[in-house]
Amino acid sequence: MLPDVGEVFSGKVVSTAPFGSFVEHPVGAHGLLHGHQAEVGSQVRVKVLASDDVRQRFSLELA
């Protein structure tokens with residue numbers, strides 16, 4: 001299950017890539033915080049910008 005667009009939550013950074021950081025939603029799904037390199041294991045407060053049920057992914061911004 002993916003989070004709803006507009007939802008704000010605190011999640012743990014689980015990995016990073018050259019284009020951003022992947023943040024874990026409390027239900028276990030991972031979303032992309034594009035353009036931000038956060039330390040793996042750190043907690044960040046984010047807002048869901050877009051959600052794609054077909055591809056099972058979602059985009060985030062800092063909240």
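Observations
- Glu7 long-range amide H proximity, modeled H, under 5 Å: Val48
- Debye-sum result for the stretch 8-62 in log10 I(q)/I(0), which assumes one identical scatterer on each alpha carbon, at q = 0.25, 0.30, 0.31 Å⁻¹: -0.94, -1.32, -1.39
- The chain: trypsin sites (Lys or Arg not before Pro) falling in loop per DSSP and having at most 15 other Cβ within 10 Å: Arg55
- The length gained on full extension between Arg57 and Lys12, counted as 0.36 nm times the residue separation minus their Cα-Cα distance, comes to 14.6 nm.
Coordinate-derived values only; no laboratory data. The model shown is predicted, which means the values in this text are computed figures rather than measured ones. Please note: Cβ atoms are built from the backbone with ideal geometry, for glycine as well, and neighbour counts cover all protein chains shown.
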